[in-house]
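Since the structure comes first, as structure tokens, the remarks are kept for the end.
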Amino acid sequence: MPDRPRVVRVTDIIAKKSRGEKIAMLTAYDAAFARLLDCAGVDILLVGDSLGMAVLGYSTTIPVTLEAMIHHTQAVVRGTRHALVVADLPFLTYQVSVAEALRNAARLLQEGGAAAVKLEGGRPVLPVVERLVEVGIPVMGHLGLLPQSVHQLGGYRRQATRAEDAGRLLEDARALEAAGAFAVVLESIPAEVARAATAALRIPTIGIGAGPDCDGQVLVSHDLLGLSCEHRPPFAKEYAQLGEQVLAAVRCYIEEVRSGRFPLAETGEASAGSSGPAA
Ligand code: KIV
């Protein structure tokens, strides 16, 4: 039997919290990136609806469709051997009715191949969370800054900064846990609120701009790799500047093509890239 890495399950993610092990989650939108992130050992690959901004060129996540999410989830699943693949339910695919939410979530699993879905919000989405969990669809919650509500929030602002909002967020987090969510993302909230939620819940919290005390962290991969020129939030740490490397490489290529230095005439130098002709 080939040496296959064990697939990460939602039960492994919950168990990590009880063992005090931190969870590393990143976004992925295609097979090539999924393969690299998975190979590096990330626990969860989120096919986030940040797809809209990171890849599709929109200024918000709102135009992202279920069809687009299914298409990109399929690609991520093809590139993944180990990580848990979670797919976002995009805007208005889970708010109209519980029945519609169930059908749409099922498509992310049946057609997309995801192992779980993520949706935004607290009390208003509890009936949906309960029903999805009831039929066996694992659900990750998302509280704090809800990008699908950006227009109502008045921009990408830090949330739960006032005591009453922090209290409401804690109630929502407890309610999501009671409804059966297996984890909850906490986005752009004060570290002390995230710490309180993490202490109050048995399920893991995954923070983004929520301080160091969550059970795990998530970043948009394009932010981490230095590939987001326009939308990188202030809390995202850039671990590499791949955008600059891409620019330098492509400028070099253009210069060599224009000057006739590529390809070399005498060897017909073959491309080492994946689209080069087979040997
Ligand atoms: O869509 C996304 O990438 C997300 C993360 C920022 C958590 O929801």
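Here Gln110 meets each of (1) open to solvent by 10 Å² or more (accessible area, probe 1.4 Å); (2) within 15 Å of the ligand (Cβ to nearest atom) with one exception, condition (2).
For every residue, the table says whether it meets (1) in contact with a helix residue (DSSP H, G or I) (Cβ under 9 Å, 6 or more places away or on another chain); (2) away from the ligand (no atom under 16 Å from the Cβ); (3) in a loop (DSSP other than H, G, I, E, B); (4) in contact (Cβ under 8 Å) with a residue 60 or more places away in the chain.
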position	(1), (2), (3), (4)
Ala196	yes, yes, no, no
Ala199	no, yes, no, no
Pro212	yes, yes, yes, no
Val218	no, no, no, yes
Glu238	yes, no, yes, no
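Of all the residues in region 139-180, those that are open to solvent by 30 Å² or more (accessible area, probe 1.4 Å) and within 16 Å of the ligand (Cβ to nearest atom) number 7.
Entry remark, region 42-72: residues being more than 9 Å from the ligand (Cβ to nearest atom) and under 11 Å from the mean Cα position of the chain (by Cα) number 2 in total. Within the bounds of region 8-15, is there any residue that is away from the ligand (no atom under 16 Å from the Cβ), open to solvent by 40 Å² or more (accessible area, probe 1.4 Å), at pLDDT 95 or above and in contact with a strand residue (DSSP E or B) (Cβ under 7 Å, 6 or more places away or on another chain)? Taking every residue of region 8-15 in turn, at least one turns out to be away from the ligand (no atom under 16 Å from the Cβ), open to solvent by 40 Å² or more (accessible area, probe 1.4 Å), at pLDDT 95 or above and in contact with a strand residue (DSSP E or B) (Cβ under 7 Å, 6 or more places away or on another chain).
The values are calculated or read from the model by the stated rules, or taken from the named source; none is laboratory data. From a predicted model like this one, the values you see are computed outputs, not experimental measurements. Reconstructed Cβ throughout: ideal geometry from the backbone, glycine too, with neighbour counts over all protein chains shown. These area figures cover heavy atoms from the full protein model, side chains too; ligands, DNA and RNA do not enter into them. Shrake-Rupley method; radii C 1.70, N 1.55, O 1.52, S 1.80 Å.
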